[in-house]
1. So, in segment 301-328, how many residues would count as being surrounded by fewer than 16 Cβ atoms within 10 Å (Cβ to Cβ) and modelled with pLDDT under 85?
2. Mind listing whichever residues of segment 482-532 are small (Gly, Ala, Ser), exposed (fewer than 14 other Cβ atoms within 10 Å of the Cβ) and either modelled with pLDDT of 90 or more or in a loop (DSSP other than H, G, I, E, B) (or both)?
3. Please identify the pairs in which a residue from segment 500-518 that is β-branched (Val, Ile, Thr) has its Cβ atom under 8 Å from the Cβ atom of a residue that is open to solvent by 30 Å² or more (accessible area, probe 1.4 Å), counting only partners at least 6 apart or on another chain.
4. Mind checking whether some residue in segment 262-280 is assigned to a strand (DSSP E or B), surrounded by fewer than 18 Cβ atoms within 10 Å (Cβ to Cβ) and at pLDDT 85 or above?
5. Would you confirm whether any residue within segment 125-142 is without any contact (Cβ under 8 Å) to a residue 12 or more places away in the chain and small (Gly, Ala, Ser)?
6. So which of SER297, SER351 is of a type in the set (S, T, N, Q) and not in a strand (DSSP E or B)?
7. Being open to solvent by less than 70 Å² (accessible area, probe 1.4 Å) and at pLDDT below 80 is the filter here; which residues of segment 462-481 pass it?
Amino acid sequence: VKRAYSNISSQNCLSDVRLSPDGRHIHVIVRQPKSGLMTHDKYQRLHLMQCQKHNDLVLSGNAPVVDVIYIPQSKPEDGASVLGVIFENGRVEFWKFLECRSGWHLLQTVDLCNSPRAKVSSVCMCQNFIIWCEERPPSENSNSVCSNFRFCICKKTIEVNEGGVNLGNVKIALHNNPRYATVSSGDLVYLLPDMRENSSMGVLKVFLAWSPEHDTFKVHSACSCTLMKSSSKESDFKRLVTDCIGLLATINPPDICGFSPTGCGDLLLLLSTGWVCIMKRDGSLHHIYKLPDNCLSASGTQNSLKIYNEILALTIGRTLFLIDTKCGLELERISMKTEGLLFINTLDSHSPLMLSETGLFVVTQKPKPSPTLSEDSSALLVEAVFEEACKYYQQRSLSSTQLTVEKLKKGGMFQAPISLAAILRDYLRQERLMSSLESELRSLVLLEDIKTSVVKASEKDLENYCESLVQQEICRLLSGELERENLQYLNSIFHLFPTYSWHAMQAVLHLRCNGEGLLLSKAPAELWKIILSPVQPTANFAHCNGQQKLTTVPVFELLCQSIFKFQPSWLPRFLELAQQQSGGSSKSPWGYSMKESSESLPLYKRALTVLPCKGTYQHLEVELLLCSERPKAIMQALRILIKQGQWERVAQVAERFCRQSPLLNKEIFIALLCEVSQHRDLDPYLDLLWTLCPEDMTVTSILNIVLKNLPDSMQNSGPFEAHGSQVTIGLLKPLLRKVLQRETKPSQRYADILQSPTVPPLTPPRQPKGLFRDADTIYITWSEQNYGASDRTIFH
């Protein structure tokens, strides 16, 4: 293995390494400075390996090597698979490793392509077909656009028997397509876009799934879980994606940073967003696990991923993640000294096979340390009972004299310890106390055993013991009432071991993120009650500078700090989850007069305290405010978005929350109407804004709002100025017409009053009422018949 790595120069990477299905041969495709193939073999019989004469795999062709594939024998009893080395010019050399005959032997050489000028860019095996992407030479009249679509997908039947390798005729399955990487999974072949091509090409937003047996194509996208198109017998790429052209302009899928076939027709995808997904053969996209933010950019581009018996193994740089694919739970995160590449050994498909520069390893999941109770566990349990009794008594005693276990066992000098000791001795003779305290005392004993193991552990095992210790302590502290001392201790654990605490928090709360971006938790209600308890008076809650301080904060803020540090995008979702667990108490009716104390502070305000005050994370602040669904918070978030000029987001928030209450609807409408009076940035969303107009708004109130919020620069403008930033009557016409029709329409609520014979109402004053701005009186006469849509009269 070390010799294999010594041949990987700085121009080559782990993606140029191939491993045989049985794990006995390592092939290194050398790109620079000269193309070639280096092969390293593992002999099962020592005397054959020590033989001086053994045949190495020496290629006869001089063209660059594209890839190597293994073709299984038609009959398994015929022996090892045949290795096919594919060159760029379309030539293939078939080799077979025979240990009894001391190494590799060339079987035959054939040509894949019909044209001598054709080039092979990628190749794979699918059932009894050999599939490759072939580049055709450009014609003399072709332009740069056509040159991007000069590739085709070809296939040949292939069979290995005693006489050698038999190949069928070439059949073109797809032509006029861009460069694709061919990836085989079960009976399907995925055609993934080559990121080396021009990223501005819209067709790179989609990839294809092809069945070589039935010649059917399906168009997929990494940003959608729906099937975009299915074609049964279409062989022209341009006609295949014609119906998707309109959709391509509206989607912006993430880049595919890594992929791996599952062998059953599915495809694992590592997206640039950090999500690990699995594309099902039916076209659905299932989200499995979300990497920590900036993990891909911080660890470089080297990655590999495989599934082993429902466990996802993922390497990002020098970190190995083990994920449960059924629930998306992170089982383990292992730091490695060097980068590695994952493979699947057909002889043992349940264990990850990882190749690194120090060797070829089988990764086995080491069980967490679970020490057993010592022989004198009963004595330790009795001792633990007395220690807890002393602590409980000392906290509630007015005496400054320290009560020890020895004094308590002997009876002490005071009446209370004597009675306490008598009660304990009486209960310890019974099984009732031991059975009721068994689980708690057992966890304490196990915790002490882990502490002892940490002291005696080697440097290699210290990390696992420390992580287990932190998890045990956090679980123990959150399982009972948190007093001031325990809360300070919990804070110190999170500050001293932030990474272990983050992992422990996910394990204790059973946190996982589903495919829809929601956080799920299976923690019991008692645990959430402790986490969401009101702010403790002894805790320092004034924490709004984003820095790690050695101050005691409540449990909820402590967890929010950990989430903000390791997975900031989870913070709004965690707030939603916490509000659900609190019984939806955060959703309250419109009440600006409510006074909030430290005991009734809403969860969203507590979550906001972990954000820096400098405004660096205003997008998170907006999300937290909106997640609260409180009117004050919604208006605060809306003002932030208005200040940032995110008008599309402003329109979305307005449309979403105007249905919450009439008062909130009116506040949002007035705020946006003020913005319409000052600039024209909201013009694309005016139709939506007019639909949000409250029922109690009148033409007079609307005009008053508009006039009061006109910018000062318009005071001396003429009535027909043509500046694009000025509000005009033409813009307000649909709104005013709608409100005027609503005002003139008779109300059914007063129909019975209008029809009843009563005393006529008082005559209204004869003098006209106007709209006032400063000292000027403005009279506006509305005549829809004399009003044209092209009028651009400016209110002045």
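The values are calculated or read from the model by the stated rules, or taken from the named source; none is laboratory data. Here the structure is a predicted model, which means the values were calculated and not measured. As a convention, Cβ positions derive from the backbone with ideal geometry for all residues, glycine included, and neighbour counts pool all protein chains shown. When the accessible area is computed, the model is the full protein with side chains, heavy atoms only, and any ligands, DNA or RNA have been set aside. Shrake-Rupley method; radii C 1.70, N 1.55, O 1.52, S 1.80 Å.
1. 5
2. First, pick out the residues of segment 482-532 that are small (Gly, Ala, Ser): 492, 501, 504, 507, 515, 517, 521, 523, 525.
Right, trim to exposed (fewer than 14 other Cβ atoms within 10 Å of the Cβ) and you get 492, 517, 525.
Across segment 482-532, the qualifying residues are SER492, GLY517.
3. VAL508/GLN471; VAL508/CYS475
4. Within segment 262-280, not a single residue is assigned to a strand (DSSP E or B), surrounded by fewer than 18 Cβ atoms within 10 Å (Cβ to Cβ) and at pLDDT 85 or above.
5. Quick first cut of segment 125-142, residues without any contact (Cβ under 8 Å) to a residue 12 or more places away in the chain only: 139-142.
Still in the running and small (Gly, Ala, Ser): 139, 142.
Yes, some residue in segment 125-142 is without any contact (Cβ under 8 Å) to a residue 12 or more places away in the chain and small (Gly, Ala, Ser).
6. SER297
7. Scanning segment 462-481 gives a single hit, GLY480.
Let's see how each residue does on (1) outside any helix (DSSP H, G or I); (2) open to solvent by less than 10 Å² (accessible area, probe 1.4 Å); (3) more than 17 Å from VAL727 (Cβ to Cβ):
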{"residue": "ALA637", "(1), (2), (3)": "no, yes, yes"}
{"residue": "ILE642", "(1), (2), (3)": "no, no, no"}
{"residue": "ARG659", "(1), (2), (3)": "yes, no, yes"}
{"residue": "ALA671", "(1), (2), (3)": "no, no, no"}
